[in-house]
Amino acid sequence: MTAQHNLEQNSKLPLIDLRSDTVTRPTPAMREAMFEAEVGDDVFGEDPTITKLEETAAERTGKDAALFVSSGTMANLVSLLSQTRAGDELLVGDRAHIVRAEAGGVSRLGGVLATTLPNQPDGGLDPELIPAAVRPDDMHQPRTTLLALENTHNFCGGTVVSLERTQEIADAAREHGLRVHLDGARIFNAAAASGHSVAELAGPADSVAFCLSKGLGAPVGSLICGDEAFIAEARRTRKLVGGGMRQAGIIAAAGLVALDQMVDRLHDDHANARQLARGLAELGFNINPESVQTNIVIVQLDTSNDPTPSPKLQAQLKQIGVLVTTPDRAKIRLVTHADLSSEDCAEALRRMAEAEVGPAA
Ligand code: TLP
C-alpha cells in the first residue's frame, strides 16, 4: 500500500488540531460562569465581573492595576501606543509576534518606528546590543523610548526567557531611559516551565500583556497590567482603538475560571509537546525533544530538495486529520492545549507513521 493510498483512505479521521492553543473551546465551568455572570457597562466602570478579573490579573502579575481587552494583539497595541508618541522608536526582537503577526499595528496606528534586534535562541535579546541601538538626543533621529520582550517566545519555539535574562535586558533598556513592555501572551506557560511566578517574570517590565484565550482555554480576552498611571492611559487608548466593551463581564467570567482552574494543568500540555517532539524525532524529523520547553514545537524541515517544504507537509498532515501551521515555508508548528490529551498526540504520531508522513514525504 502506498503512502498516498493511506492518505486518501484516512481522510475521514477525527481531527487532531495542533494549529494553536487558541482553538480550545470553553469548559463547562466557563460556560456556566458566563451564564451566571453579573454584568454592567464597563465603559462606565460598572461591570463587577470585569473589575474582579482586572484585580485578579493585577495581583497575579504583581502590578498595581490591569485592563481587560479583547485580544493579545489589542493588548500589545494598546500597551505600545500608551507608552510612545508618533515618531518614537521601539526596539523589539526580529522574531517577535509584534513584528511578525500583528499587521504592523504599532507603525500603522501608532506612527512608531519598530527597529529589530536579533532574537537569541532563548527568545531574549542580547543586552550588549541595546546601548548602541538607543539613539542619541539628536533632532534628526527618532526618540528610542520603548523596548518590547516576549515570554514565552512563540516563533523561537515556545522558549522561556529566564528571569535573569529578562532582568539584564530590562536593566540595559532602563539605563538608557527606555520603558519595557513584555508580551506575555503565554507567560503562565513560562511560569509553569521555569518555576518562577508570573509576578517574578513580569517584575522587570513596566507593562505586561497576557492572554486568557491561549493555554488557559478561555474563549476571548487578554489583560494589560502595569502601574496606575499607565493603566489610566491604556484605558484611554483602548477607547481610541474602539476596544471599550460594555457588558463584557459575560466573557470576563470565563477568564476568571481560566485563572482559577486552567493554570495548574499547563504542565500536561508541556509534557504532551515533549511527547510529540520525541515521536517526531523517531520519525526522522530534525528536532531535539530536549529543546521543547513549553507547549509549542517548531520543526525545521529539510530544504535540500525543496526550499519551501512546509505547505506540502501541512497538506499531507491534513489528509490524515492532523492540523498544523507553518510559521514559515520551511517550518511547521505544533501546539498542545487543553482540548488535546496525551492519547491524541500518540494518535497523531501513529497516523504519521502509518501514512509514512516523514521529513522526506
Ligand atoms: N499568536 C497566534 C498567531 O497569531 C500566531 C498563535 O497561534 O500563536 N503575542 C503572542 C506571543 C502570540 O503568540 C499571539 C497570538 C498574540 C500576541 C496575539 O494574540 P491574539 O491572537 O489574541 O490577538
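Results, tabulated for the structure shown:
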| quantity | calculated |
| --- | --- |
| Of the criteria (1) part of a loop (DSSP other than H, G, I, E, B); (2) surrounded by 20 or more Cβ atoms within 10 Å (Cβ to Cβ), which one ASP122 fails | (2) |
| Hey, ARG31 more than 21 Å from the chain's Cα centre (by Cα) and farther than 28 Å from HIS337 by Cβ or not | no |
| Odd one out for ARG246 among (1) part of a loop (DSSP other than H, G, I, E, B); (2) out of contact with any His (no Cβ under 9 Å at 6 or more places or on another chain); (3) over 26 Å from GLU38 (Cβ atoms) | (3) |
| Odd one out for THR294, checked against (1) open to solvent by 50 Å² or more (accessible area, probe 1.4 Å); (2) within 16 Å of the ligand (Cβ to nearest atom); (3) in contact with a Ser or Thr (Cβ under 7 Å, 6 or more places away or on another chain) | (1) |
| From the options VAL78, VAL112, VAL43, VAL39, residue that is within 12 Å of the ligand (Cβ to nearest atom) and assigned by TED's automatic domain parsing to the domain that holds GLY244 | VAL78 |
| Cross-chain or 6+ apart pairs with Cβ under 8 Å, segment 21-35 first and closer than 17 Å to LYS52 by Cα and more than 16 Å from the ligand (Cβ to nearest atom), then open to solvent by 70 Å² or more (accessible area, probe 1.4 Å) and not aromatic (Phe, Trp, Tyr) | MET34/ILE250 |
| Residue list for segment 81-109, filter: open to solvent by 40 Å² or more (accessible area, probe 1.4 Å) and within 15 Å of the ligand (Cβ to nearest atom) | ASP94, ARG95, HIS97, VAL99, ARG100, ALA101, ALA103, LEU109 |
| Helices (runs of 4 or more DSSP H) contained in segment 146-232 and holding at least 2 residues among the aromatic types (Phe, Trp, Tyr) and open to solvent by less than 10 Å² (accessible area, probe 1.4 Å) | none |
| Members of segment 328-344 found to be in a strand (DSSP E or B) and either open to solvent by less than 30 Å² (accessible area, probe 1.4 Å) or more than 21 Å from ARG100 (Cβ to Cβ) (or both), listed by number | ILE332, ARG333, LEU334, VAL335 |
| Qualifying residue in segment 209-219 (condition: within 15 Å of the ligand (Cβ to nearest atom) and among the hydroxyl-bearing types (Ser, Thr, Tyr)) | yes |
| Within segment 309-321, tally of residues that are more than 16 Å from the ligand (Cβ to nearest atom) and open to solvent by less than 50 Å² (accessible area, probe 1.4 Å) | 6 |
| Restricting segment 345-361 to residues that are at pLDDT below 95 and open to solvent by 50 Å² or more (accessible area, probe 1.4 Å), the residue that is farthest from SER291 (Cα to Cα) | GLU356 |
| In segment 202-249, the residues that are free of Cβ contacts under 8 Å to residues at least 60 places away in the same chain, within 16 Å of LEU182 (Cβ to Cβ) and more than 17 Å from the chain's Cα centre (by Cα) | PRO204 |
| Checking LEU146 against (1) within 11 Å of the chain's Cα centre (by Cα); (2) in contact (Cβ under 8 Å) with a residue 60 or more places away in the chain, the condition it does not meet | (1) |
| Every residue from segment 273-286 that is surrounded by 22 or more Cβ atoms within 10 Å (Cβ to Cβ) and closer than 23 Å to SER162 by Cβ | ALA273, ALA277 |
| Tabulated pairs, segment 92-120, first under 21 Å from THR166 (Cα atoms), second open to solvent by 20 Å² or more (accessible area, probe 1.4 Å) and of a type in the set (Phe, Trp, Tyr), C-beta under 6 angstrom, 6+ apart or interchain | ARG95/PHE155 |
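The values are calculated or read from the model by the stated rules, or taken from the named source; none is laboratory data. Just so we're clear, the structure is a prediction, and the values are computed from it rather than from any experiment. Neighbour counts run over all protein chains shown; Cβ positions are idealised from the backbone, glycine included. For accessibility, only protein heavy atoms count, side chains too; no ligands or nucleic acids. Shrake-Rupley method; radii C 1.70, N 1.55, O 1.52, S 1.80 Å.
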